[in-house]
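Asks: The structure's right below; bear with me while I get my questions together.
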Amino acid sequence: MINFKKTSFFLFVLLSVTCSGYVRADASNKVLVNSVCTQKKTVKVEVKTSANRLCYLVCTVKDPGKGESIKEPIKLENLPEVYTKEMAVKNGDYVNIHGMEIHNQSALDDFIQKVSKKQDAFLRRLIFTIEGDPIITDFLYKNGMFTVTTDMSRDKFGGGADSITSKSYKNLVTYKDEEGKTYYYITNLTNITKEDLNAGIDAELINY
């Protein structure tokens, strides 16, 4: 049996990717894994010691707190040319298909919660055109500012040379419609009204 009461160095396998990091136990003897990149709350980790002994653990992944860096995601330009709904769901992306089919709602909820606490946060969203082409948008909140990067390169009707665009904003604001549904906008405004939306303000809607 491996003793985790002191910090030790291991090789561990996480989500089929071999990484190096530290496995240790905290004061309450809960096992922690450092240097993990995943949006999941818990992960199964295969730990291999220098003596080739194996131990399988279910570890809690700590959310990045204020002042802690978030793991860099795969850049939009490095994603596969064919990026399907199934691939996005597996990668933990927030997938919203015309508001009728939603996957990984927790990814959006976590993003909103971290932003409300002024913590650095990242969300990748996948939506689809009427024709069924995917549009990928990255929402990055860092150092109190939002960067919204949209990739339309897979849109047969809207893609082109300038298919990846990026804009910066200051605020995340909510708007509740007449039916009581809450929408989240990234904008430079501090409040959004129905008149603002009708006027076509500069704002990025996260959820549809």
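Readers should treat all values here as calculations from the given coordinates under stated rules, not as data from a laboratory. In this text the structure is predicted, and so the values were computed from the model without any measurement. Please note: Cβ atoms are built from the backbone with ideal geometry, for glycine as well, and neighbour counts cover all protein chains shown.
Asks: Sort THR137, THR182, THR129 by Cβ crowding within 10 Å, fewest neighbours at the top.
Replies: Final ranking by Cβ density, sparse to dense: THR182, THR129, THR137.
Asks: Averaging sequence separations of C-alpha pairs under 8 Å and six or more residues apart, then dividing by the length of segment 119-208, give the relative contact order as a whole percent.
Replies: Relative contact order comes out at 18 percent.
Asks: Oh, and also: Once you keep just the Cα pairs under 8 angstrom separated by 6 or more residues, what percentage relative contact order results for segment 123-176?
Replies: Values: 90 pairs, mean separation 14.5, N = 54.
Relative contact order comes out at 27 percent.
Asks: Fully extended, how many nm does the chain gain between TYR208 and ASP177 (0.36 nm per residue separation, minus their Cα-Cα distance)?
Replies: In short, 10.0 nm is gained.
Asks: Now a separate question. With the alpha-carbon atoms as the only input, what is the per residue convex hull volume for segment 69-208 in Å³?
Replies: Cα-based convex hull of segment 69-208, divided per residue, equals 125 Å³.
Asks: Further, regarding this structure: Taking the simple approach of a point 7 Å from Cα along Cα-to-Cβ for both LYS142 and ASN78, what is their distance in nm?
Replies: Output for this residue pair reads 1.3 nm.
Asks: For segment 90-144, take N as its residue count and report Rg(C-alpha) divided by 2.2 N^0.38 Å. Can you show the working numbers first?
Replies: On the way: Rg = 12.2 Å, N = 55, 2.2 N^0.38 = 10.1 Å.
Compared with the compact-globule rule of thumb, segment 90-144 sits at 1.20.
Asks: Given R₀ = 25 Å, FRET efficiency for LYS167-MET100 by Cβ-Cβ distance, to 0.05?
Replies: FRET efficiency, LYS167 to MET100: 0.35.
Asks: Between GLN113 and ALA199, how many nm apart are label points set 7 Å from Cα along the C-beta direction?
Replies: Placing both labels 7 Å beyond Cα along the Cβ direction yields 3.6 nm.
Asks: Residue by residue through segment 172-178, which ³J(HN,Hα) values in whole Hz follow from phi under the Karplus form 6.51 cos²θ - 1.76 cosθ + 1.60 (θ = phi - 60°), with glycine and proline marked x?
Replies: Values, residue by residue: 10, 10, 10, 9, 10, 7, 5 Hz.
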